[in-house]
1. Please give, to one decimal in nm, the separation of the simple spin-label points placed at residue A:67 and residue A:300, each 7 Å out from Cα toward the Cβ.
2. Within a Cβ distance under 14 Å of residue A:373, other residues only, what is the Lys/Arg minus Asp/Glu net charge?
3. Does a label point 7 Å from the Cα of residue A:189, set along Cα-to-beta-carbon, have any residues of segment A:342-366 with amide nitrogen under 18 Å, and which are they?
4. Please order A:405, A:20, A:262, A:41 by the number of other Cβ within 10 Å, starting at the fewest.
5. Can you compute the charge dipole magnitude of segment A:1-72 about its Cα centre, using +1 on each Lys and Arg Cβ and -1 on each Asp and Glu Cβ, nothing else charged? Give it in debye, rounded to the nearest 20.
6. Decide, for segment B:13-93, between rounded, prolate and oblate: order the square roots of the alpha carbon gyration tensor eigenvalues as a ≥ b ≥ c, take rounded if a/c falls under 1.5, and otherwise choose prolate if a/b is larger than b/c, else oblate.
7. Calculated from DSSP H runs of 4 or more alone, at -39500 (n - 2.57) each and per residue, what is the 222 nm mean residue ellipticity of the protein assembly as shown, nearest 500?
8. Please get the size of the charge dipole for chain B, origin at its Cα centre, with Cβ charges of +1 on Lys and Arg and -1 on Asp and Glu, quoted in debye to the nearest 20.
Amino acid sequence: MSLRQSMAGLHTWGGLLPSWLLYVIIFAGTLACFDKELERWMRPALHQGVASSMTADQVRDWLEANVSDELHAFWMHGPTSREPFWRLGWEVDKTEEMHNVAFDPASQQPMVETLGGGFFFELHYNLHGGTLGMYIVGLAGMFMLVALVSGVIIHRRIFKDFFTLRPNANGQRAWLDAHNLFGVIGFPFHLVLAYTGVAIFVATYMPAGAQVAYNSNVEQFFSDVMGAYNREGVHKPAAQQASLNELVERSRQHWGGAEPGWISVHHPGDEAGVVDIRRFDSSRIAPPLETLSYDDASGTLLNVQNASAGYRAYTWLAGLHMAQFGGTLVRLMYLLLGFAGCAMLVGGLQVWLAKREARGTAGIGLVRALNGGVFVGLPLASLALLWGNRLIPADLTERATAEGWVFVGSWLLLALWAVLRRNQPRSLLSQQLALGAVLALGLPLVNVLTTSHGGLPSSLLRGDWALAGIDLFLLLCGLLCALCAWRCGQPQQAQEPRARRVLVEEAL
Amino acid sequence: MSKNLPLSRWSIASRVLAALFGGYALAYGFTAFFSVYLPLVRADRVVFSSLACFAVWTAAVIYVFAARSATRAWLWLVGLTAALCLAAFLPTELGVRP
């Protein structure tokens, strides 16, 4: 077997098996480029863009008044242009329980619960499956790296094929062209994103370095690499607490006027409590590593972070993956290239199917059911989630959980539908597209009807493009779905079979 | 098209296992070895070797499927991993130097 043939086998099967999982990861990550805009869309209290007048001390006061457990830590983030509200999170001592609250800028009280855009972000990096999910995503990332490298090896005519698209060729040829086109366009992006994606959790995935060089003392490793400050709690209540507002002000002066980002307090109220204030700067690819650590009781400056160059390189790689730099332009580019990645996966699966449909290989029904259930089911379930966000009553307890069930429940139904109709893929797709058109075109309408300031007319009037962009994107998706559903419904024209060369990719 | 017969089921299963577990083991051995022997300060040794480990794993997977036989792939992976790990874990004082 030649190298190219063995790589073609690796690419076909190593690409096929994780492709549905990779689709979920890439699709969710692509949406997460605009997670903060989506979150604002999902929280009607933020539609008008009222500036929050809360301060760090007021956020802490709310926590002290409403939570009586002893806390391991709490953290908060002030309003930014993309997230115009205070967020607060805390972890109860000796448990893994995390809680999150977002404050309404106008009333300074917690906002109506929602999963928010963070739902897609978490789906992207751990499938909402905790540490196990993180390992599964990491393994999928490795499959993607291998698929990219083996794809290049088998792709002899990479530049020639880039300029080749023959939509009128027979099905398999056209899908292969599409797969190659999207694969080649996105290749550098996908390679960088797959690599930086697995690199973000490198400390979890690959513990060998800390084991041999730090005798498995992970805390010492982190403090050495990150230059971070760490102090154990002593479980003795402190006599006093420093004002967070004052520490924020002192940090601002320390940085010559730069803004703080995350403010976190470890062992709050303890004699050994530590306040960390991180610098915020969205004009850099990596977040500035200039955390200041203060004593929670006296407010004395304990440590100025001095990160190693290696850690700065790591945060730069992670920053490249997270797309929190470069404003809307970069996020739009990541969005388009992310969708190109999804299209590449769909195209690849269609090549696999088109080649085997004629032969009637076993497993075609399974692949078709998975295609319909995941490739179309996931986007439709995401639209259903947004419908749930608008239609679930605001006063429902555990509202975010209810939204999660809308997503999961609708996805299960869509998957079941795809399984039952797996032998009529064309009519299934055209009906799914029609449903997609209804869901996507309906959302801007529901938005107008259920919110007072969030509808497209009022957000356009205010010139609020971040909010209007979501509605416009939904309208565009709805129109595209409608167009494709109509095209799909047309009778299929019989085409002359054309003579063609056998390619290496097809030969297996 | 091909003069050789397609790979047997055993060969494929063996290669898949070698790619997943053997590939990870080699990446592990690589990270441990370079975290000990690179002439850099401790933090940089660890960060550089750890970040490079994914490239090693990818290369190992490509090699496993390109290799002439599954046994050959296993021998190379196990041999290299054993050598790297022995060299990394035997001198306990060398790795923890600052």
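1. It is 2.8 nm.
2. So the surrounding residues net to +3.
3. Label zone hits: A:342-348.
4. A:405, A:262, A:20, A:41
5. I would put it at about 640 debye.
6. prolate
7. Result for the protein assembly as shown: -20000 deg cm²/dmol, rounded to the nearest 500.
8. Dipole size: approximately 360 debye.
Just so you know, all these numbers are worked out from the coordinates, no wet-lab data involved. Everything numeric here is computed off the predicted structure, so don't read it as measured data. Cβ sites come from the backbone with ideal geometry, for glycine too, and all protein chains shown count toward neighbours.
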